[in-house]
Amino acid sequence: MLSALGSLAAALWAGFHLRSLLLGAVAFLFTADFLKRRRPKNYPPGPPWLPFVGNFFQLGFKQQHLQLQPSHGTKILEPFFPSGETGRVVSGTKLVKKYGNLLSLEFGDFPLVIVTGLPLIKEVLVHQEQNFMNRPMAPIQEYTFKKDGLIMSSGQTWKEQRRFALSTLRNFGLGKKSLEERIQEEAYHLTEAIEEEKGQPFDPHFKINNAVSNVICSITFGKRFEYQDIQFQELLKLLDEITYIEASMQCQLYNLFPRIMKFLPGSHQTLFRKWEKLKLFVSRIIEEHKRDWNPDESRDFIDAYLKEIAKNSGSASSGFREENLICSTLDLLLAGTETTSTTLRWALLYLAINPEIQEKVQAEIDREIGSSQQPSIADRERLPYTNAVIHEVHRMGNILPLNVPREVVADTTVAGYYLPKGTMIVTNLTALHRDPAEWATPDTFNPEHFLENGQFKKRESFLPFSIGKRACLGEQLARSELFIFFTSLMQKFTFRPPDNEKLSLEFRMGITISPVKHRLCAVPRG
Ligand code: HEM
Ligand SMILES: *[C@@H]1O[C@H](CO)[C@@H](O)[C@H](O)[C@H]1NC(C)=O
């Protein structure tokens, strides 16, 4: 009897113990989460967040949280914050109105501050740039990019890699062929390939991707690839897939719970597999380079890098290692293909939808260059309208709506608010590019935004390549490519929608905003 009571008591005790242990553990986790997220005095204000997940569900699963709201026949980018269960949509504009131009959110584990408006964006990216030079590292990037390369690196590695890439890019014009000649040559191949379509409907996506990527390949690998090359088509598909898988829900969940998601199936696993394939492609090309490498004559970026590795081989602190070579090469390929090709696709789409603007561009090209001479960068001065159209494509295409995130390097103060080291900083380029106070018709494609008395007019509230020392490394290259490709295509073809098909400005959300799958007719000009 007594022993029975005893074991009952023991069982009760054990049960009680377990429950209180669990309760205690939960309380501990909540407290730890709360303490971890406790923000210092003068931290920028923001909406309330949930334990463990922060504002994750309000941010929506799509990383860039953008939603299409067709209105007046134009597309309006309205990033949204649907709260998971209720489907209530809270717009970012409203949050900015309520909390101000420095707005704090909790992105999973990351404290995140959104910067709105030109004065504060310049404060962060230019005047105080030293304090905002790092990149935050989400678990998914930690897995793929590591801390190597150009885009995701920070500190000393970034400085070294960036300086080297910039100077090498500048020298390429390498050897015999200038960069401009490489682009012109590729533009020629592109027009040939499009001519083969004979004015019939076709999807311009991969031909354009191929042409744009070839410019980077010619710089990094020392060669271009034929548009029929099956292996290269596979590489381009990989690049394209990677850029939108990263925005998937599973990848975002991986960012939130990497230790759990690591063991679960999903698109994050696909991403990792594709990433490995991509690396393999690049390391094979590097091996080929090593075989016939001549240190006295660098043919391309990889050769120049191998030379740098050899030069620094004694120094343990040097970032010039083979992993960094693979990553920097991949970064150039990733950053240099998708962005420029997406912008060019937006350009053709906008002009097919706006035939009167296309006619004006063609008239200017016919007048200033004629129909047979190949356009060159020097022609840009004489083509203000065409130049304005390209700028307007950047503005409306708005392919990186929230720029590329930065991270605070050392505790600092902006506009009276305290930003501790490690805070993730997002600058809202959409707000800048669609600011009704800055643009006459913010949501309509209108090249007049960049014209004054028929001359090209620069605009301050226009930062598609960002600004400051960590702005886009490929801006000059991208601008040259876009100008030469675009004018070459306009010189040779008129782009229009296929009969009985309506073109849409809907977009696909990935790392960039890109047009949804569509077809165009490229009618040869007489
Ligand atoms: C339409 C074309 C392009 C656009 C709109 C664009 C835009 C951007 C933006 C907004 C950033 C982030 C800058 C920042 O953090 O402040 C960036 C970074 C970068 N871009 Fe581009 N880009 C384009 C083309 C290119 C091309 C052709 C290359 C090839 C060389 C390139 C290479 C890079 C690299 C390596 C970075 C990382 C720089 C760093 O972290 O230091 N981009 N780009
Ligand atoms: C960025 O600005 C746009 C335009 O004002 C706004 O709709 C959007 O919600 C903002 N996004 C964020 C994340 O604040």
The condition from (1) modelled with pLDDT of 95 or more; (2) closer than 22 Å to TYR244 by Cα; (3) within 16 Å of ligand 1 (Cβ to nearest atom) that ARG519 misses is numbered (3)
Within the group GLY222, GLY266, which residue is in contact with an Asp or Glu (Cβ under 7 Å, 6 or more places away or on another chain) and at positive phi? GLY222
Is it the case that MET424 is at pLDDT below 95, surrounded by fewer than 20 Cβ atoms within 10 Å (Cβ to Cβ) and more than 11 Å from ligand 1 (Cβ to nearest atom)? no
Of these, ARG299, ARG284, ARG259, which one is surrounded by fewer than 19 Cβ atoms within 10 Å (Cβ to Cβ) and touching a Gly at 6+ places or on another chain (Cβ under 7 Å)? ARG299
With the condition kept exactly as written, say whether any residue in the stretch 190-202 is assigned to a helix (DSSP H, G or I), charged (D, E, K, R) and at pLDDT 95 or above. yes
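Can you tell me which of GLY100, GLY149 is at pLDDT below 95, at positive phi and within 16 Å of ligand 2 (Cβ to nearest atom)? Don't jump to the end; show me each part of the working.
On the way: GLY149 fails: within 16 Å of ligand 2 (Cβ to nearest atom).
It is GLY100.
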Could you identify the single residue in SER341, SER315, SER328 that is under 23 Å from LYS207 (Cβ atoms), of a type in the set (Gly, Ala, Ser) and either assigned to a helix (DSSP H, G or I) or more than 9 Å from ligand 1 (Cβ to nearest atom) (or both)? SER341
Which count do you get for residues in the stretch 392-421 that are within 12 Å of ligand 1 (Cβ to nearest atom) and closer than 20 Å to PRO119 by Cα? 10
Every residue from the stretch 511-526 that is in contact (Cβ under 8 Å) with a residue 60 or more places away in the chain and either of a type in the set (A, V, I, L, M, F, W, C) or farther than 14 Å from ASN398 by Cβ (or both): ILE511, ILE513, LYS517, HIS518, ARG519, LEU520, CYS521, ALA522, VAL523, PRO524, ARG525
Whichever residue in the stretch 451-470 is within 16 Å of ligand 1 (Cβ to nearest atom) and of a type outside the set (D, E, K, R) and, among such residues, is surrounded by the most Cβ atoms within 10 Å (Cβ to Cβ): LEU463
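Among the residues that make up the stretch 478-488, is at least one of them more than 25 Å from the chain's Cα centre (by Cα) and outside any loop (DSSP other than H, G, I, E, B)?
Yes, because at least one residue in the stretch 478-488 is more than 25 Å from the chain's Cα centre (by Cα) and outside any loop (DSSP other than H, G, I, E, B).
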Among the residues of the stretch 392-408, is there at least one that is in a strand (DSSP E or B) and within 16 Å of ligand 2 (Cβ to nearest atom)? yes
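When you go through GLN233, GLN228 one by one, which is the residue that is free of Cβ contacts under 8 Å to residues at least 40 places away in the same chain and surrounded by 15 or more Cβ atoms within 10 Å (Cβ to Cβ)? Spell out how you get there, then give the answer.
Details: GLN228 fails: surrounded by 15 or more Cβ atoms within 10 Å (Cβ to Cβ).
Being free of Cβ contacts under 8 Å to residues at least 40 places away in the same chain and surrounded by 15 or more Cβ atoms within 10 Å (Cβ to Cβ) holds for just one of GLN233, GLN228, which is GLN233.
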Out of all the residues in the stretch 435-443, is one or more part of a loop (DSSP other than H, G, I, E, B), of a type in the set (Phe, Trp, Tyr) and in contact with a Phe, Trp or Tyr (Cβ under 9 Å, 6 or more places away or on another chain)? no
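Please specify each residue of the stretch 504-524 satisfying the condition of being buried (at least 19 other Cβ atoms within 10 Å of the Cβ), of a type in the set (A, V, I, L, M, F, W, C) and within 24 Å of LYS237 (Cβ to Cβ). Write out each step before concluding.
Initially, the stretch 504-524 is screened for residues buried (at least 19 other Cβ atoms within 10 Å of the Cβ), giving 505, 507, 510-515, 518, 520-522.
Among the residues that remain, those that are also of a type in the set (A, V, I, L, M, F, W, C) are: 505, 507, 511, 513, 520-522.
Of everything in the stretch 504-524, those that are buried (at least 19 other Cβ atoms within 10 Å of the Cβ), of a type in the set (A, V, I, L, M, F, W, C) and within 24 Å of LYS237 (Cβ to Cβ) turn out to be PHE507, ILE511, ILE513, LEU520, ALA522.
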Quick check on this structure: which one of THR444, THR487 is more than 15 Å from ligand 2 (Cβ to nearest atom), crowded, with 20+ Cβ neighbours inside 10 Å and β-branched (Val, Ile, Thr)? THR487
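The values are calculated or read from the model by the stated rules, or taken from the named source; none is laboratory data. Here the structure is a predicted model, which means the values were calculated and not measured. Here Cβ is always computed from backbone atoms with ideal geometry, including for glycine, and neighbour counts include all displayed protein chains.
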